[in-house]
Amino acid sequence: MNIYIKICEDNEIQLKYIKEKVKIILNDINYNIECFTSAGDLLNSNLDKMNILILDLDLGNDWGIEVAKEIRMRKIKCEIIFLTALDNYSREGYKVKAFRYILKDDNMYMELEESLKEYIRELHGENKKIKIDTKQGEYYLYINDILYLEVFSKEVNIYTNDNVYKVMSPINVFEKKLKPYYFFRCHKSYIINLKKVTRIEKSNVFIGNILVPVSKYKFKEFKNLLAKALGDIL
């Protein structure tokens, strides 16, 4: 998966510095970076694929908050990281659902690195949780901890390394919720976490020592998605 990043900073020296720092932070990630020195050029560019916008709050003749409002009005789904030398405008960031608000001080690079890595973790579902209802009560599971799901009788068993959770919900519900995080309905009775697959053997996959069948009608799709999932991890 490519991460599309746009940086808007009116100071060309700082723009170059920020771009180089982002490249260092994302050295093992597939990414695309575009840089802009004005709000107009940014807003006139193709914003549809943008995942992250690193936006200077003070753009000379333009105000970063207004740029962010315009982006939100256009329904562009991206994370916005504000950079600024001003320390009294963080509340404004909440109005446009900013991902982070970073001061241009000695800690800027460290905080930018932390913010980008946090975004990547969320993208891979590492910090995301899913709510499940069992007979024992409600649980919130980290999505990345789930190995696979299995239909058993009228229940869905959710397997993690440490436990099995029995849920009275259709497996279709989980298929829809987990699909964005590299989970795949490989069989009518199974959903697997593609990032947990350890080997393939004929028409079966293994998650650790657990064998899970893959429908012959879904095997090609499975292999394509597995390659994509493993590529994003690497």
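The values are calculated or read from the model by the stated rules, or taken from the named source; none is laboratory data. Since the model is a prediction, treat every value here as computed from it, not as a measurement. Note that each Cβ is placed from the backbone with ideal geometry, even for glycine, and that neighbours are counted across all protein chains shown.
Give me the pairs: first residue in region 63-87 and under 18 Å from ASP41 (Cβ atoms), second residue of a type in the set (Gly, Ala, Ser) and at pLDDT 90 or above, beta-carbon distance under 7 Å, and six or more apart or on different chains, which are they?
Here the result reads VAL67/ALA39; ILE80/ALA68, each pair linking region 63-87 to a residue that is of a type in the set (Gly, Ala, Ser) and at pLDDT 90 or above.
For region 66-107, give me each residue that is modelled with pLDDT under 90, touching a strand residue (DSSP E or B) at 6+ places or on another chain (Cβ under 8 Å) and part of a helix (DSSP H, G or I).
Within region 66-107, SER90, GLY93 qualify.
What are the residues in region 127-148 that are modelled with pLDDT of 90 or more and over 16 Å from LYS195 (Cβ atoms), if any?
Listed by number, the residues that qualify are LYS131, ILE132, ASP133, THR134, GLY137, GLU138, TYR139, TYR140.
May I ask you to list pairs of residues, at least six apart or on different chains, whose Cβ atoms are under 7 Å apart, with the first in region 99-115 being under 19 Å from ALA68 (Cβ atoms) and the second being among the acidic types (Asp, Glu) and surrounded by fewer than 18 Cβ atoms within 10 Å (Cβ to Cβ)?
From residues that are under 19 Å from ALA68 (Cβ atoms), the pairs are ILE102/GLU111; LEU103/ASP87.
Within region 118-148, can you find the residues that are surrounded by 13 or more Cβ atoms within 10 Å (Cβ to Cβ) and assigned to a strand (DSSP E or B)?
Hits for region 118-148 are LYS129, ILE130, ILE132, THR134, TYR139, LEU141, TYR142, ILE146, LEU147, TYR148.
Within region 1-10, take every residue that is part of a strand (DSSP E or B) and not hydroxyl-bearing (Ser, Thr, Tyr) and give me the one that is modelled with the lowest pLDDT.
ILE3
For region 11-28, give me the residue count where each residue is in a loop (DSSP other than H, G, I, E, B) and surrounded by fewer than 17 Cβ atoms within 10 Å (Cβ to Cβ).
Here the count works out to 3.
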